[in-house]
Amino acid sequence: MLCYYKYDKKKGMGKKMHKSEIRDIGLAQEGQKKIDWVRSNMPLLRGIEEEFRKEKPFAGIKVALSIHLEAKTAYLCHVLNTGGAEMYITGSNPLSTQDDVAAALVSAGMTVYAWHASTPAEYEAHIRKTVECGPGIVIDDGGDLVTMIHNAYPHLIEGIIGGCEETTTGILRLLAMDKDGALKFPMVLVNNAQCKHLFDNRYGTGQSVWDGINRTTNLSVSGKTVVVAGYGWCGKGVAMRAKGFGANVIVTEIDPVKAIEAYMDGFAVMEMVDAAPLGDIFVTVTGCDDVIGEKHFNLIKDGAVMCNAGHFDVEVNVAKLAEIADEIKEKRKNIVGYRLGDKWLNVLAEGRLVNLAAGDGHPAEIMDMSFAIQALSARYMVKNKGNIDKMIIDVPTEIDSEVALRKLHSLGITIDKLTEEQAKYLGSWVV
């Protein structure tokens, strides 16, 4: 049941009262258990939390955050809040929001506008309410906050220091805005950091996508033909894990270099129109639209499963599938079947991110690195307020290296260092 919840610190639940829009505050205790669990497995963020507790780098700053609203994101919100940030939080996908986690954040004194399975209108309204706080820092996942600010709230731009973008799709939107001269405040491309895409995209997506598929379908992967559309870092992870499960893997690509890489990694490579009749399970990981469309639906075999691991729900063209289907029915939670003649095609999680809409997302240890990059990049923006003259910023190398070293330290691993003589040798052209 929908509820509007007002939080009052004085009553333990401050003088300020913020109106959150969540499903049920009574779920907070269960949500807090999830947050406590991931916190115990995120040593990098725990260390940063202690630093932020002393430094208060975000004191007096409102942070608007739109990331998949589950436990690991909630812990990032706690870390930023510990650093003095006044948090305004929403999800970045209607099906990835976990209502118990949202309730726990409100119970901790943060403002949340999100609930699971929001309608498009509700989702947009929550984005708007989050933006309307007048943020100094924006933390985005897919570009919805940034786009909303530029399109509907340009008067807020002057007060924005900058922000961070979490994922590939959001970066593509930012690059397009920057190319058109439309981007009006600086954004750090968090996804481009080595400690983000090399691990989060490959190992995080690789595991969590199959967690979502296996949990939802309860079917074997071994011996089946899996078609992976896209061989970027996410696609590499999905294909690698499918191979580990014993699947025969086909990769489809538009990039000739990535296609050769997939071939040399041992996968069959072909066009989607040729892969369509062969696949038992299809996973799109491209960031594009209509990757599996009407011409493919007519070729795909009876009982095939289709899902998406890209950001938006357009890679499998579910709207077109619904239009041409003779019958539509729910087969199981998070599985909708579409009958075309005498065959059924099955779509997981409405074509939305299968690892979050039908699972818990990336493992905590993986997101520990990604969110460490987020937290330190946000602090970087604040420290360099007024001194950044570009709208598109790569994560500083020193932050990337610092996160890698923190991760190694948490694992009890030490590595060699260059001696003074070695450093001199590498920096010289004279033999």
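Candidates 287, 266: the one that is of a type in the set (Gly, Ala, Ser) and crowded, with 19+ Cβ neighbours inside 10 Å is 287.
Go through the residues of the range 61-76 one by one and say whether even a single one is farther than 23 Å from residue 354 by Cα and among the acidic types (Asp, Glu). Even if it seems obvious, please write down each step before you answer.
In the first step, residues of the range 61-76 are kept if they are farther than 23 Å from residue 354 by Cα; the result is 61-64.
Filter again for among the acidic types (Asp, Glu), leaving none.
No, that holds for no residue.
Checking the stated criteria, residue 330 turns out to be out of contact with any helix residue (DSSP H, G or I) (no Cβ under 7 Å at 6 or more places or on another chain) and either within 20 Å of residue 217 (Cα to Cα) or crowded, with 21+ Cβ neighbours inside 10 Å (or both). Can you name the condition, by its number, that residue 315 falls short on among (1) closer than 19 Å to residue 236 by Cα; (2) out of contact with any Asp or Glu (no Cβ under 9 Å at 6 or more places or on another chain)? All conditions are met except number (2).
Restricting to the range 338-373, name every residue that is part of a strand (DSSP E or B) and closer than 13 Å to residue 70 by Cβ. Walk me through how you get there before you give the answer.
Restricting attention to the range 338-373, the residues satisfying the condition of being part of a strand (DSSP E or B) are 338-340, 343-348, 353.
Matches in the range 338-373: 353 only.
Going by the conditions given, is residue 361 crowded, with 16+ Cβ neighbours inside 10 Å and farther than 30 Å from residue 45 by Cβ? So residue 361 fails the test.
Scanning the range 412-431 for residues that are among the aliphatic types (A, V, I, L, M), exposed (fewer than 10 other Cβ atoms within 10 Å of the Cβ) and out of contact with any helix residue (DSSP H, G or I) (no Cβ under 7 Å at 6 or more places or on another chain) yields a count of 4. When residue 192 is tested against (1) in contact with a strand residue (DSSP E or B) (Cβ under 9 Å, 6 or more places away or on another chain); (2) at pLDDT 95 or above, only condition (2) is not met. Would you mind stating whether residue 136 is on the phi > 0 side of the Ramachandran plot and not aromatic (Phe, Trp, Tyr)? For residue 136, the condition - on the phi > 0 side of the Ramachandran plot and not aromatic (Phe, Trp, Tyr) - is not met. Screening 84, 47 for residues that are surrounded by fewer than 22 Cβ atoms within 10 Å (Cβ to Cβ) and under 19 Å from residue 163 (Cβ atoms) leaves exactly one candidate, 84.
The values are calculated or read from the model by the stated rules, or taken from the named source; none is laboratory data. A quick note: this is a predicted structure, and the numbers were derived from the prediction, not measured. Cβ sites come from the backbone with ideal geometry, for glycine too, and all protein chains shown count toward neighbours.
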